[in-house]
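*Asks:* Questions regarding the structure given below will be posed in turn.
The values are calculated or read from the model by the stated rules, or taken from the named source; none is laboratory data. Keep in mind it's a predicted model, so treat the numbers as computed, not measured. Note that each Cβ is placed from the backbone with ideal geometry, even for glycine, and that neighbours are counted across all protein chains shown. Each accessible area value is taken on the protein alone, full model and side chains, heavy atoms only, with ligands, DNA and RNA left out. Shrake-Rupley method; radii C 1.70, N 1.55, O 1.52, S 1.80 Å.
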Amino acid sequence: IAAAADAWARGAAALPRPWQPQKPVLPVEGMRNVLITSALPYVNNVPHLGNIIGCVLSADTFARYCRLRNWNTLYVCGTDEYGTATETKAVEEGLTPQEICDKYNAIHADIYRWFDISFDCFGRTTTPSQTTIAQDIFQRLLARGFLLQDTVEQLRCEGCQRFLADRFVEGTCPFCGYEEARGDQCDKCGKLINAVELKSPQCKLCRGVPIVKPTQHLFLDLPKLEQRLEAWLEQSWATGDWTANARYITRSWIRDGLKPRCITRDLKWGTPVPLDGFRDKVFYVWFDAPIGYLSITANYTPEWERWWKNPQQ
């Protein structure tokens, strides 16, 4: 309080000169370098106040604070554009998935500009950089033995002649009986669901009754990472600033034991899987979308690794 009163008494003329970062903003030796991201908004709708307040506005406020502190700050975001929700929206509007993404990315960008959100870069995930970086991470996981191949039972709609991704299936939740559960989770009880567990499943596209058929998929071998992850979490919980909710959810996953998690889907709209036998599949959006933070930064500057692989700064 005394320091604040002293600074106030000396007036604005005594304040440090505002930091003017170079363009593009890159880490600077000897400065505090701050990289800020907010959750990538999904591209299949018009953002509303809840979306902005939920993540974009808080990150924007923090970015402005950092710049006022003369910290070298980069704030990136962008639309999350792959996945079945985009395909579903494309069917609804009679457009291609790419046209849907182009339409709603422009709407998102205009709205955030209207709100004067101070992004240094607002990008998107449907870019060559996304494909390059996601496939590179996949190849590294494959080379290090962190991927598994397995046959899974999956719902297939014979009318549409396609395996149905989770969001193309609706049915009754096997846990709570909610009649509009999706093929990946129930929005009422919150439990994760395997689509074949749904009671009275229906194809969202044609309302036909799908059948169960086997298909090959790739899985991230999370159990192999569990011991290393637990050690990291203990250190992070002790030194970091985790919310009680984040701690609770993470502990519940660890307590129940990590399971292999599927990273591929029988879809057309997504980042292609660069492996023989799986080239007709794409990466599941949960695996692909977080890599968007890296690829959006890579589209902002070819020196993106100075932000993402530079813990010393």
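*Asks:* Name the one entry in Leu294, Leu222, Leu229, Leu258 that is touching a helix residue (DSSP H, G or I) at 6+ places or on another chain (Cβ under 6 Å), open to solvent by less than 70 Å² (accessible area, probe 1.4 Å), aliphatic (A, V, I, L, M) and without any contact (Cβ under 8 Å) to a residue 40 or more places away in the chain.
*Replies:* On the way: Leu294 fails: without any contact (Cβ under 8 Å) to a residue 40 or more places away in the chain; Leu222 fails: touching a helix residue (DSSP H, G or I) at 6+ places or on another chain (Cβ under 6 Å); Leu229 fails: touching a helix residue (DSSP H, G or I) at 6+ places or on another chain (Cβ under 6 Å).
Step by step, each of Leu294, Leu222, Leu229, Leu258 is checked, and only Leu258 is touching a helix residue (DSSP H, G or I) at 6+ places or on another chain (Cβ under 6 Å), open to solvent by less than 70 Å² (accessible area, probe 1.4 Å), aliphatic (A, V, I, L, M) and without any contact (Cβ under 8 Å) to a residue 40 or more places away in the chain.
*Asks:* Further question on the same structure: Can you tell me which of Gly183, Gly208 is open to solvent by less than 60 Å² (accessible area, probe 1.4 Å) and either touching a Phe, Trp or Tyr at 6+ places or on another chain (Cβ under 6 Å) or without any contact (Cβ under 8 Å) to a residue 40 or more places away in the chain (or both)? Give the steps one after another, and end with the answer.
*Replies:* Details: Gly208 fails: either touching a Phe, Trp or Tyr at 6+ places or on another chain (Cβ under 6 Å) or without any contact (Cβ under 8 Å) to a residue 40 or more places away in the chain (or both).
Answer to the check: Gly183.
*Asks:* Hey, another quick one. Given the conditions (1) touching a Phe, Trp or Tyr at 6+ places or on another chain (Cβ under 7 Å); (2) part of a loop (DSSP other than H, G, I, E, B), and given that Thr297 satisfies all but one, which numbered condition is not satisfied?
*Replies:* Failed condition: (2).
*Asks:* Ok, one more. Restricting attention to the range 19-64, which residues are surrounded by fewer than 17 Cβ atoms within 10 Å (Cβ to Cβ), out of contact with any helix residue (DSSP H, G or I) (no Cβ under 7 Å at 6 or more places or on another chain) and of a type in the set (Val, Ile, Thr)?
*Replies:* Val28, Ile53, Thr61 - these are the residues of the range 19-64 that are surrounded by fewer than 17 Cβ atoms within 10 Å (Cβ to Cβ), out of contact with any helix residue (DSSP H, G or I) (no Cβ under 7 Å at 6 or more places or on another chain) and of a type in the set (Val, Ile, Thr).
*Asks:* Sticking with this structure for a sec: For the range 118-218, give me every one of the strands (runs of 3 or more DSSP E) that falls completely inside it and has 1 or more residues that are within 30 Å of Ala106 (Cα to Cα). Before you say what the answer is, go through the steps one by one.
*Replies:* Working: elements: 121-124, 147-157, 169-172, 199-203.
Filter on the range 118-218 gives 121-124, 169-172.
Yes or no, residue by residue, for (1) touching a residue at least 60 places away in the same chain (Cβ under 8 Å); (2) of a type outside the set (S, T, N, Q); (3) in contact with a Lys or Arg (Cβ under 9 Å, 6 or more places away or on another chain):
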| site | (1), (2), (3) |
| --- | --- |
| Ala59 | no, yes, no |
| Gly83 | yes, yes, yes |
| Glu87 | yes, yes, yes |
| Thr96 | no, no, no |
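*Asks:* Then there's this: Filter the range 248-263 for residues that are touching a strand residue (DSSP E or B) at 6+ places or on another chain (Cβ under 8 Å), modelled with pLDDT under 95 and not basic (Lys, Arg) and give the result.
*Replies:* Applying the first criterion (touching a strand residue (DSSP E or B) at 6+ places or on another chain (Cβ under 8 Å)) to the range 248-263 yields 260-263.
If we keep only those that are modelled with pLDDT under 95 too, we end up with 260-262.
Selection gives Pro260, Cys262.
*Asks:* For the range 65-83: of the residues being out of contact with any Gly (no Cβ under 9 Å at 6 or more places or on another chain) and not in a strand (DSSP E or B), which is least open to solvent (accessible area, probe 1.4 Å)? Explain how you work it out, then say what you get.
*Replies:* As a first pass, look at the range 65-83 and keep what is out of contact with any Gly (no Cβ under 9 Å at 6 or more places or on another chain): 65-75.
Then drop every residue that is not not in a strand (DSSP E or B), which leaves 65-71.
Details: Tyr65: 103, Cys66: 0, Arg67: 74, Leu68: 150, Arg69: 120, Asn70: 38, Trp71: 38 Å².
Per the criteria, the residue is Cys66.
*Asks:* Those residues that are open to solvent by 30 Å² or more (accessible area, probe 1.4 Å), part of a helix (DSSP H, G or I) and more than 28 Å from Cys206 (Cα to Cα), I need them from the range 86-117; list them, please.
*Replies:* Quick first cut of the range 86-117, residues open to solvent by 30 Å² or more (accessible area, probe 1.4 Å) only: 89, 91-99, 102-103, 106-107, 110-111, 113-116.
From the residues that got through so far, the ones that are part of a helix (DSSP H, G or I) too are 89, 91-93, 97-99, 102-103, 106-107, 110-111, 113-114.
Those that are open to solvent by 30 Å² or more (accessible area, probe 1.4 Å), part of a helix (DSSP H, G or I) and more than 28 Å from Cys206 (Cα to Cα): Ala106, Ile107, Asp110, Ile111, Arg113, Trp114.
*Asks:* Restricting to the range 147-166, what's the tally of residues that are in contact with a helix residue (DSSP H, G or I) (Cβ under 6 Å, 6 or more places away or on another chain) and open to solvent by less than 40 Å² (accessible area, probe 1.4 Å)?
*Replies:* If we filter the range 147-166 for residues that are in contact with a helix residue (DSSP H, G or I) (Cβ under 6 Å, 6 or more places away or on another chain), which is where we start, we get 147, 153, 155, 165-166.
After this cut, where a residue has to be open to solvent by less than 40 Å² (accessible area, probe 1.4 Å) as well, the list is 147, 155, 165-166.
Total meeting the criteria: 4.
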